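J.: Handing you a structure now.
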Amino acid sequence: VIFGEDVGFGGVFRCTLGLQDKYGKDRVFNTPLCEQGIAGFGIGAAAAGSTAIAEIQFADYIFPAFDQLVNEAAKYRYRSGNTFNCGNLTVRSTWGAVGHGGLYHSQCPEAYFAHTPGLKIVVPRGALKAKGLLLSCIQDRDPCIFFEPKILYRGAVDDVPLKEYTLPLGKADILLEGDAVTLVGWGTQVHVLLEAAQLAQKELGVSCEVIDLVTILPWDRETVCNVSNNSPAASRLSTNVAVYKLLLLLAPRLTTPTPQQSVKKTGRALIAHEAPLTAGFGSEVASVIQEECFLHLESPIQRVTGFDTPFPHIFEPFYLPDKWRCFDAIKKSVNY
């Protein structure tokens with residue numbers, strides 16, 4: 001079942017267009033303007049055995065549902081001793097800046113949920129990844145929050161297979177190989193980092209390695225850091241290797257590159273995200289890099305993020321971490 005505000009007629013971004021006509025009003029339907037109710041209904045439907053896909057129209061409005069997601073959905077399996085679960089729940093929500101959204105239609109709240117064991121959090125960079133990752137979330141046995149960068153609805157173009165395919169959760173993609181600086185991002189920011197890497201190659205003559213983290217929780221420490229199996233960070237790594245191998249068999253043409261010693265190879269790291277600096281998820285990535293790669297680092301880890309202010313409207317171009325801010329951080333790291 002798919003439900004949420006305005007999904008019956010296709011949703012404000014037309015993601016569910018035509019589904020009600022195809023599957024009927026019992027499976028695709030509108031809900032009241034009540035995010036905690038949407039999440040609560042989804043938890044109950046999933047616990048009862050339905051495959052529940054809930055839509056929160058904007059991630060900025062997911063906060064009324066915060067208690068339902070972090071205290072109920074994330075803990076349902078744990079508090080029942082695995083007797084019950086709501087793993088059939090997937091929560092879709094638009095995410096990030098769009099060019100004119102202002103403070104209530106531009107936020108990136110992934111870090112709030114990343115502090116919650118029991119949830120999986122995914123942010124695709126485009127349509128090809130979105131389809132495979134969304135199908136993986138729907139099939140996964142844990143509740144998933146699927147953040148969709150709204151600016152990519154009309155800004156990203158991919159050749160997407162018509163047939164069903166899945167992509168592994170908890171597995172990062174190396175989009176560009178390099179040996180000078182490791183650039184880590186997710187969602188829209190991946191495209192910015194690719195532009196910054198091209199600029200660094202042209203202006204500085206250095207090659208940057210660009211990594212799309214893909215999944216915020218669990219995130220792929222191995223690809224970013226080359227974490228050893230007996231390290232503290234590796235002990236927290238929850239990627240299921242067996243599931244990953246199965247997913248590779250299901251989507252052989254859509255596999256990611258072999259994990260490499262990225263930060264240990266480059267000796268420098270930059271993490272970029274749209275969310276504010278303080279306690280953004282880049283802080284967690286930077287902390288693990290520091291913990292695992294300290295003796296390999298040639299310069300301090302750089303973070304290029306939004307600022308610690310509400311998301312501005314007319315000052316959005318100055319707030320977002322664009323390619324020029326990322327390029328300045330690359331130059332600072334290389335010249336350290």
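J.: Please enumerate the residues belonging to segment 295-332 that are more than 13 Å from Cys108 (Cα to Cα) and acidic (Asp, Glu).
T.: Glu298, Glu316, Asp322, Asp328
J.: Under the condition of being assigned to a strand (DSSP E or B) and either under 16 Å from the mean Cα position of the chain (by Cα) or among the acidic types (Asp, Glu) (or both), which residue from segment 262-308 is surrounded by the fewest Cβ atoms within 10 Å (Cβ to Cβ)?
T.: Pro276
J.: Which of the residues that make up segment 105-130 are in a helix (DSSP H, G or I) and within 30 Å of Asp159 (Cα to Cα)?
T.: Passing the criteria: Glu110, Ala127, Leu128, Lys129, Ala130.
J.: Which one of these is more than 30 Å from Tyr319 (Cα to Cα) and not β-branched (Val, Ile, Thr): Gly101, Gly118, Gly126, Gly96?
T.: Checking each option against the conditions leaves just Gly118.
J.: So which helices (runs of 4 or more DSSP H) stay within segment 154-259 end to end and still have 3 or more residues that are hydroxyl-bearing (Ser, Thr, Tyr), at pLDDT 95 or above and surrounded by 16 or more Cβ atoms within 10 Å (Cβ to Cβ)?
T.: By residue number, no helices (runs of 4 or more DSSP H) qualify.
J.: May I pose another question? Taking interchain pairs and intrachain pairs at least six residues apart, which have beta carbon atoms under 7 angstrom, with the first residue in segment 109-121 and closer than 17 Å to Pro149 by Cβ and in contact (Cβ under 8 Å) with a residue 60 or more places away in the chain and the second open to solvent by 30 Å² or more (accessible area, probe 1.4 Å) and assigned to a loop (DSSP other than H, G, I, E, B)?
T.: Filtered contacts from segment 109-121: Ala111/Ala279.
J.: Then there is this: Here are some residues: Phe13, Phe41. Which one is under 25 Å from the mean Cα position of the chain (by Cα), closer than 20 Å to Gln139 by Cα and of a type in the set (Phe, Trp, Tyr)?
T.: Of Phe13, Phe41, the one residue that is under 25 Å from the mean Cα position of the chain (by Cα), closer than 20 Å to Gln139 by Cα and of a type in the set (Phe, Trp, Tyr) is Phe41.
J.: Which one of Lys150, Lys120, Lys131 is surrounded by fewer than 23 Cβ atoms within 10 Å (Cβ to Cβ) and of a type in the set (Lys, Arg)?
T.: Lys131
The values are calculated or read from the model by the stated rules, or taken from the named source; none is laboratory data. Predicted, not measured: the structure shown is a model, and the values here were computed from it. Counting neighbours? That spans all protein chains shown, and the Cβs are built from the backbone with ideal geometry, glycine included. Just so you know, the surface numbers come from the protein's heavy atoms only, side chains and all, with ligands and any DNA or RNA stripped out. Shrake-Rupley method; radii C 1.70, N 1.55, O 1.52, S 1.80 Å.
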